[in-house]
Amino acid sequence: MAQGKKGKLNFRCPQCFMRDIDIDLFYDDKKKEYYCLRCCFHGDEKKVLAWNETIKEKYGHILDRLTDLGADNEPATYHPYSKGEL
Ligand SMILES: [Zn+2]
């Protein structure tokens, strides 16, 4: 780990990205895994892709528009945004 290198694919750190910090992961050839310089995240490509799926929960509805917040235990309703609509 003395000399940090990028992997063959350029991944961003999913743990940092959840905190709205955009930082690239480095690749450790000995351990065959990606790691973050800023936080303690490390793992192989499969783990990085799995964590990226959890981030989609945060931004999954970014293109939807909220129509109703719902009552206390009712789910919020939303619909896909279409161009020209407010
Ligand atoms: Zn990180």
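The values are calculated or read from the model by the stated rules, or taken from the named source; none is laboratory data. None of these values were measured; they are calculated from a predicted model. As a convention, Cβ positions derive from the backbone with ideal geometry for all residues, glycine included, and neighbour counts pool all protein chains shown. We work out accessible area using only protein heavy atoms, side chains counted, and drop any ligands, DNA or RNA first. Shrake-Rupley method; radii C 1.70, N 1.55, O 1.52, S 1.80 Å.
Numerical summary
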item: Matching entry among Tyr34, Tyr27 (being within 11 Å of the ligand (Cβ to nearest atom), assigned to a strand (DSSP E or B) and surrounded by 13 or more Cβ atoms within 10 Å (Cβ to Cβ)); result: Tyr34
item: Looking only at region 8-24, and only at residues there that are closer than 25 Å to Glu57 by Cβ and modelled with pLDDT under 90, the one that is farthest from the ligand (Cβ to nearest atom); result: Leu9
item: Only listed residue being at pLDDT 85 or above and in contact with a Ser or Thr (Cβ under 7 Å, 6 or more places away or on another chain), chosen from Tyr78, Tyr35; result: Tyr78
item: Tally of residues being hydroxyl-bearing (Ser, Thr, Tyr) and touching a helix residue (DSSP H, G or I) at 6+ places or on another chain (Cβ under 9 Å) across region 21-59; result: 2
item: Filtered residue count, region 53-66, keeping only those that are within 21 Å of His79 (Cα to Cα) and open to solvent by 90 Å² or more (accessible area, probe 1.4 Å); result: 7
item: Exclusive hit being open to solvent by 50 Å² or more (accessible area, probe 1.4 Å), within 10 Å of the chain's Cα centre (by Cα) and among the small types (Gly, Ala, Ser), set Ala71, Ala50; result: Ala50
